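Step one of this worksheet: look at the structure below.
The values are calculated or read from the model by the stated rules, or taken from the named source; none is laboratory data. Keep in mind that this is a model prediction, so the values were computed, not measured. Cβ placement follows ideal geometry from the backbone for every residue including glycine, while neighbour counts extend to all protein chains displayed. Keep in mind that these areas ignore ligands, DNA and RNA; they rest on the heavy atoms of the full protein, side chains included. Shrake-Rupley method; radii C 1.70, N 1.55, O 1.52, S 1.80 Å.
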Amino acid sequence: MVSMKDIAQACGVSVASVSKALNNHTDIGEETRQLIRRTAKEMGYFPNSVARTLKTNRSYNLGVLFVDEANSGLTHDYFAGVLESFKETAERNDYDITFVNRNKERRRQMTYLEHARYRGFDGVVIACVDFEDPEVAQLVASDIPVVTIDHIFNNRIAVMSDNVKGMESLLQFIYSRGHRRIAYIHGHASSVTGSRLSSFYKTAEELGLDIPDEYVLEAGYRDTDAAAAATEELLKLPCPPTCILYPDDFSCLGGMNMLREKGLRIPEDISIAGYDGLRIGRHVEPKLTTLKQDTVKLGSYAAQKLIGQIERPKTSVPEIIVVEGEVYEGGSVGNIE
């Protein structure tokens, strides 16, 4: 392995000068810096991560705690987009990412906090978990820098989708197409569901819409079977809705299949809308009307804020960063004259 001492001898400079050049210090001449960096590259030098950790007291490794209720892992289209953006931003800042081990059957039964300390994470991003889990609360209450996505803890930085504005915009769009009988199949209880459901009722009231209790049902996120069953229940009503909103784009596919099984055309006979703006919604016919969330900004902001806590702890303050989405009109919501 090539060392800084080898590079110093090859360039005829001190080891201290090599260290300054490789770490981009300003108190070294540009010509010398370029010579050292070029020589290091030619000699195949790579920094020793162990030595860097000892020197900086950082591992340059960020933990990711991600557990969704459907156990879909990285096939979870929405959070896969968020985490990819998080990863890209982290890597641009010379950080690696590692998933926090959530397997409760593992031989070493460590809590999330214990695993974070065992791996020496500089910080952890928490997304799509049971935020009521005592292990999550323990991790959030620790001295490890933490950023949460789509959930707010006191005295922690949170990066949030604007679910209130998103639902408002989506419902207003559907209303503008002439729909007055609008049903909502929402996800299981969570802070995200609470925000969307409250916004749905509030916006409906502002628009003068009457929402019967039987128009509001529950189905799990990404649960196509439950969405299909709820859709069938709505169709049996004496006065069924003209448009159905679903928890997310993926579960909406289950509703779409049920409607077609019943011989209904979309949007000629009934309209539907999803939420999230997944790519799959643009590859069905008709293209799915949805609220497209900005996964790139969500992931990037989360990484930036987490790294900021690590590198500038004295100036880091708890805050809530809200990221707006936008309505993707698609073709699944028709006009009612």
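Some notes on this structure:
- First in segment 321-337 and under 19 Å from SER176 (Cα atoms) and open to solvent by 80 Å² or more (accessible area, probe 1.4 Å), second anywhere and aromatic (Phe, Trp, Tyr) and at pLDDT 95 or above, Cβ under 9 Å, 6 or more apart: GLU329/PHE173
- Candidates LEU170, LEU139, filtered to the one that is assigned by the TED database to the domain that holds ARG312 and open to solvent by less than 10 Å² (accessible area, probe 1.4 Å): LEU139
- In segment 266-305, the residues that are in a helix (DSSP H, G or I), of a type in the set (S, T, N, Q) and at pLDDT below 95: THR295
- Only listed residue being of a type in the set (Ser, Thr, Tyr), open to solvent by 60 Å² or more (accessible area, probe 1.4 Å) and closer than 30 Å to THR89 by Cβ, chosen from THR295, THR315: THR315
- Annotation note: Cβ proximity below 7 Å between a residue of segment 221-242 that is at pLDDT below 95 and of a type in the set (Ser, Thr, Tyr) and a residue that is buried (at least 20 other Cβ atoms within 10 Å of the Cβ) and in a loop (DSSP other than H, G, I, E, B) (sequence gap 6+ or interchain) occurs for TYR221/GLY187; TYR221/PRO247; TYR221/ASP248.
- Of everything in segment 306-331 that is of a type in the set (Gly, Ala, Ser) and modelled with pLDDT of 90 or more, the residue that is farthest from CYS243 (Cα to Cα) is GLY308.
- When ASP122, ASP96 are screened for being at pLDDT 90 or above, touching a strand residue (DSSP E or B) at 6+ places or on another chain (Cβ under 8 Å) and open to solvent by 70 Å² or more (accessible area, probe 1.4 Å), only ASP96 passes.
- Every condition in (1) open to solvent by less than 30 Å² (accessible area, probe 1.4 Å); (2) part of a helix (DSSP H, G or I); (3) assigned by the TED database to the domain that holds GLY187 holds for ASN257 except the one numbered (1).
- Just one residue in the set GLY277, GLY254 is on the phi > 0 side of the Ramachandran plot and free of Cβ contacts under 8 Å to residues at least 60 places away in the same chain; that residue is GLY277.
- For beta carbons closer than 7 Å, sequence separation of 6+ or different chains, a first residue in segment 35-55 that is under 12 Å from SER19 (Cα atoms) and open to solvent by 100 Å² or more (accessible area, probe 1.4 Å) and a second that is modelled with pLDDT under 90 and of a type in the set (A, V, I, L, M, F, W, C), there are no qualifying pairs.
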